[in-house]
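Report on the following structure.
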């Protein structure tokens, strides 16, 4: 699986799951993605700390939807799929045990099986670039 150096990302919010389970449903609506300086925006989940988490995001720099895990600050791509950049996107992550599913709108973009960070309970939002996207309708629930 391809890896790359850890990118600087800005956290909007990282929350502990009130249900105290690592099985989660997280959803968010994004807008202002067409701004030239918004590179990536998405959901961080199973967050242990700033160097250990899963990320599901869209990136208008490479026109891809990404599902990645970050371990010790190194991002490993678990799945990528073409994403035609738009100004808005609805993201959803459903993670149960070691099964991770990532949706953009109604479309399943990625599904992988991996048990890394299966004990981490945090989840939230992040973006990269110099202009922030707008995050609306954030929802996170333990399953």
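Selection over segment 29-49 of residues that are within 22 Å of residue 100 (Cβ to Cβ) and either touching a strand residue (DSSP E or B) at 6+ places or on another chain (Cβ under 8 Å) or at pLDDT 90 or above (or both) gives a count of 11. Considering only residues in segment 89-109 that are more than 18 Å from residue 126 (Cβ to Cβ) and touching a residue at least 12 places away in the same chain (Cβ under 8 Å), the one that is nearest to the chain's Cα centre (by Cα) turns out to be 94.
When segment 88-139 is examined, which residues are found to be modelled with pLDDT of 90 or more, in contact with a strand residue (DSSP E or B) (Cβ under 7 Å, 6 or more places away or on another chain) and at positive phi? Scanning segment 88-139 gives 105, 117, 137. Going by the structure shown, is residue 141 in a strand (DSSP E or B) and more than 25 Å from residue 20 (Cβ to Cβ)? No: the conditions fail for residue 141. Of all the residues in segment 63-88, those that are free of Cβ contacts under 8 Å to residues at least 40 places away in the same chain, assigned to a loop (DSSP other than H, G, I, E, B) and within 16 Å of residue 104 (Cα to Cα) number 3.
The values are calculated or read from the model by the stated rules, or taken from the named source; none is laboratory data. It should be emphasised that the depicted structure is a prediction, and the values quoted were computed from it without experimental measurement. Neighbour counts run over all protein chains shown; Cβ positions are idealised from the backbone, glycine included.
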